Structure formats: C-alpha cells, structure tokens
Amino acid sequence: MVEDPQSHRQPHGQPQPRSPQGPADVDAVTHAVLSASRLLVKVSARSLAAVAEPVTLPQFRLLAVLAAHGDAKLVDIADRLGVNPSTAMRMLDRLIVAGLATRQSNPCNRRETMLRLTPEGRALVDRVTAVRHREISMIVERLTPEQRTALVGALTAFTEAGGEPAVPGEDTEPYPLGWSDTTVRHSGG
C-alpha cells in the first residue's frame, strides 16, 4: 500500500512520522538554544575576566540588576536575581568590601536599607557591557545578512515566548549581560 500524500496516513495503521513541527523539531531547537546559551555564558565570563576585576559572574549579575533598576531593597534584588535574601546579602557584602556597592538608609523610611552602585560599580558594569557588546558584534559580523535577519526574528520570538521584555533600542540603556526585569531605570548620566 502506498501512502496517500493528501491524507498523511501510513499503511496498516502505522504511526505517522514526526512532523517537521513536532517533538523532533522541538528537540532540535532546544539543542541549538542550549548550544547558543553556552556560547553566551562563555562570552559573559570572558567579558568579566577582560576587565580584571575580582568579581564572580553571580556578583556581577547583582551589579547589573542595580545598574538597570537603580537603588533597591535587598528583598527586591533577591527576587530579581531569583535567590534567597541571605544569598543576595552575602554577594552584596563582598561587593561593598570591593567598593562597588553601598548600603544606605532609605531617606523616606529609615527602617529600610537601600542598595546602591558606587561610581566604581557603575564603571565596572559599563566596561564589562562594552566588552561583551564588542565580542558579540564580532560573532554577528561573521553571519550573512540573511542569517542576521533570521536570527533577530528567531531570538525576538524566543524571548517573547519566554516572557522577557523586548530588547531596548539604541536610545535606551542596554540590559547588562542580558539580565533584566520588566522595567528599566534610565540613568541621567
């Protein structure tokens, strides 16, 4: 018995092959995304190492969240990082000792402590972000114009499907190392 191309039925009740948009396709895309994410983590780690600061990637992530959102309470930072407040506090303590962040009383509520980047912390985030941008640009330049267009569409769809906000345009502050929340605080300078 020959398969009828119109009905997509197999002879003798055999199961249909996986469609190009079925589970095999999901596995292939998942594998490709995991491979790309390894590359992006490697670029992120290299960009941090390039500025020769004794900061770990998780500590830098905390700095990046402060850079993107401005002064914040510890519980808010922990929530944005997806960690326990005690974990965020240990990271913050190390960053304070390194002179990259501060802890200050909230002038509106003295019982609250606000976390803030120091100018040195802001400069570190800016330097790492610039290195990362250059390295990703060098990778993107190796793609054909058609591949670049396809990549923008695919990555935009992927981030939207994952519930992440759209990538800011050139007139806004980039999310340092890609970690963001649904709001971005624009700094005045």
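Test VAL75 against the criterion of being out of contact with any Pro (no Cβ under 7 Å at 6 or more places or on another chain), without any contact (Cβ under 8 Å) to a residue 24 or more places away in the chain, surrounded by fewer than 17 Cβ atoms within 10 Å (Cβ to Cβ) and hydrophobic (A, V, I, L, M, F, W, C), and give yes or no.
no
Among the residues of region 94-142, which ones are under 15 Å from ILE77 (Cα atoms) and in contact (Cβ under 8 Å) with a residue 40 or more places away in the chain?
Residues satisfying the conditions are LEU95, THR113, MET114, LEU115, ARG116, LEU117.
Which of the residues that make up region 86-109 are farther than 22 Å from GLU53 by Cα and open to solvent by 60 Å² or more (accessible area, probe 1.4 Å)?
Answer for region 86-109, where residues must be farther than 22 Å from GLU53 by Cα and open to solvent by 60 Å² or more (accessible area, probe 1.4 Å): SER86, GLN104, SER105, PRO107, CYS108.
Give the residues of region 58-72 that are free of Cβ contacts under 8 Å to residues at least 60 places away in the same chain and surrounded by fewer than 17 Cβ atoms within 10 Å (Cβ to Cβ), sorted by residue number.
PRO58, ASP71
The values are calculated or read from the model by the stated rules, or taken from the named source; none is laboratory data. Because the structure is predicted, anything quoted here is derived from the model rather than measured. All Cβ positions, even for glycine, are placed from backbone atoms using ideal geometry, and neighbour counts span all protein chains on display. Ligands, DNA and RNA are excluded from the accessible area calculation, which covers all protein heavy atoms including side chains. Shrake-Rupley method; radii C 1.70, N 1.55, O 1.52, S 1.80 Å.
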